[in-house]
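Structure first, then comments.
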Amino acid sequence: MEGQKVWNTIISDIRSKMSSSTFRTWFGGASVLDYSFAESGEKKLLIIGVRNNFLKEQIETRYRPIITETVKKRGFEKTEVIFVVSKNNGEETNGKKEAPLFSGIAPAYFGSRRQAESLNPLYTFETFVVGSSNNLAYLASGQVSANLGSVYNPLFIYGPSGVGKTHLLQACGNEILSKFTAAKILYASAEKFTNDFIESLGNRSSASFRQKYRSVDLLLMDDVQFFSGKESTQDEFFNTFNELFLSGKQIILVCDRHPRELGKLKDRLISRFLGGMAVDIQRPDYELRVAIIRDKCKQRGINLDEKIVDYVAQSVQEIRELEGILIQVLLLFKISGNISLEQIKLSLEKNNKTTNSIPTVGKVVEAVCRHFKTSSRDICSSSRKASLVFARQVLMYLLRNDLGLSLDGIGQIIGGRDHSTVLHGIEKIARALIADQSKRDEISRIRLFY
């Protein structure tokens, strides 16, 4: 009891120094495990349990100075606060039930029937490897799963292809279903929503369509960028969004770009998407790639040499490509019972020859932004700054000539510009390349990056 009182006093001060959402994210599940004298007898140790090692590290890195200052301010100079990972956090402790990090939701929130279309049971929070590039999205997803409709509504997760957005999206659904089987959850892509909407118009079944999408507790919408340029579908989704939001139901959206970078998307939808929390997932850094490799090997009971793990992590940047390489590696390991670094290098060389011959929109955009030292947001903006205009026109030219995209398709990618603007930009770069060798060299250098 004494330890709980001390912690409540400390935590009340900490709460006043940050937003409620930040407080819930980092301290929402912290609980008192013990409060007793250290072996020296000179001071007392207040042991606070948190759910995982990532939370422990982040709290100690970000908030240790605030905690230390508060302890002194409140007169607990002889008390030291120590954070530990407690696997039993959220279970019965000293006769009282402590709140876990991702606390539960009252079953009354849900309807009486279970609905969960297309959820992959393998996509869970437990199988999601957390690192610096995705930790905020992971924590936000966990908070939303624990407090549907009350925090971060909507939650908008965005980032390049293959970084785990869909995994987190479906993990939210699986987390709810694991606790509340009566939950009505619908996972769908924006393309499926569009096709269902068109079909409902043709079959005169609009009522059934709306019942399907508007009577759920949790709507998980993937690939939101597909809505760009589809005005009638946007109107229908806007009304669906409003119906769910006003009913207190949760919406989680996934997209390959920030809402403001989506071309031909209505302002009122952008406003709705940004009304909750927008969080990005970046490409995995080296440490996260190593963690993913080790996790995949552990799942299959295989122990790879550290030199192989290091080489693969250094050579492959994207998670999907990484998983593809691992499948090859693990298959070779299964066949021969062992695998050498030379075999891995040969496999990667073959893979690079295959993938490098087919550039993607994402790779072209990334290459142009890297060359001109700008961001995709700026290059898709309405800015008329000369350097941005030129970079934008180069991107138009490469998307047209290297990928063969339509003028309208390029316009949608680059901030919703019309086909005449795109055509003008492409022709301007084409004329410059004919007249200027330095410009041709510059285009060649950009192409090296994809």
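The values are calculated or read from the model by the stated rules, or taken from the named source; none is laboratory data. Note that the coordinates shown come from a computational prediction; the quantities given were computed from them, not determined experimentally. So basically every Cβ, Gly included, is an ideal-geometry build from the backbone, and we count neighbours across all protein chains shown.
Table for the structure above
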quantity: Of all residues in the stretch 373-382 being within 21 Å of Ser228 (Cβ to Cβ) and loosely packed, with under 15 Cβ neighbours inside 10 Å, the one that is modelled with the highest pLDDT; calculated: Ser375
quantity: Candidate set from the stretch 393-434 (those that are among the β-branched types (Val, Ile, Thr) and within 30 Å of the chain's Cα centre (by Cα)); member that is surrounded by the fewest Cβ atoms within 10 Å (Cβ to Cβ); calculated: Ile414
quantity: Residue within the stretch 275-288 that is assigned to a loop (DSSP other than H, G, I, E, B), modelled with pLDDT under 85 and surrounded by fewer than 16 Cβ atoms within 10 Å (Cβ to Cβ) present; calculated: no
quantity: In the stretch 385-402, the residues that are assigned to a loop (DSSP other than H, G, I, E, B) and modelled with pLDDT under 90; calculated: Asp402
quantity: Considering residues of the stretch 186-200 that are assigned to a helix (DSSP H, G or I) and among the polar types (S, T, N, Q) only, the residue nearest to Glu236 (Cα to Cα); calculated: Thr194
quantity: Complete set of residues in the stretch 153-180 that are hydroxyl-bearing (Ser, Thr, Tyr) and either at pLDDT below 90 or within 15 Å of Gly131 (Cβ to Cβ) (or both); calculated: Ser161, Ser178
quantity: Residue list for the stretch 223-251, restricted to those being farther than 18 Å from Gln282 by Cα and aliphatic (A, V, I, L, M); calculated: Leu244, Leu246, Ile251
quantity: Conditions (1) at pLDDT 75 or above; (2) within 26 Å of Lys165 (Cα to Cα): number failed by Thr354; calculated: (1)
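Quick grid of which residues meet (1) part of a helix (DSSP H, G or I); (2) closer than 24 Å to Leu155 by Cα; (3) outside the structural domain of Ala190 (by TED's automatic domain parsing):
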residue: Ile293; (1), (2), (3): yes, no, yes
residue: Leu304; (1), (2), (3): no, no, yes
residue: Arg320; (1), (2), (3): yes, yes, yes
residue: Ile327; (1), (2), (3): yes, no, yes
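Condition check ((1) out of contact with any Phe, Trp or Tyr (no Cβ under 9 Å at 6 or more places or on another chain); (2) surrounded by fewer than 20 Cβ atoms within 10 Å (Cβ to Cβ); (3) of a type in the set (Ser, Thr, Tyr); (4) in a loop (DSSP other than H, G, I, E, B)) across all residues:
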{"site": "Gly202", "(1), (2), (3), (4)": "yes, yes, no, no"}
{"site": "Ala207", "(1), (2), (3), (4)": "yes, yes, no, no"}
{"site": "Gly229", "(1), (2), (3), (4)": "yes, yes, no, yes"}
{"site": "Glu236", "(1), (2), (3), (4)": "no, no, no, no"}
{"site": "Asn239", "(1), (2), (3), (4)": "yes, yes, no, no"}
{"site": "Leu244", "(1), (2), (3), (4)": "no, no, no, no"}
{"site": "Ser271", "(1), (2), (3), (4)": "yes, yes, yes, no"}
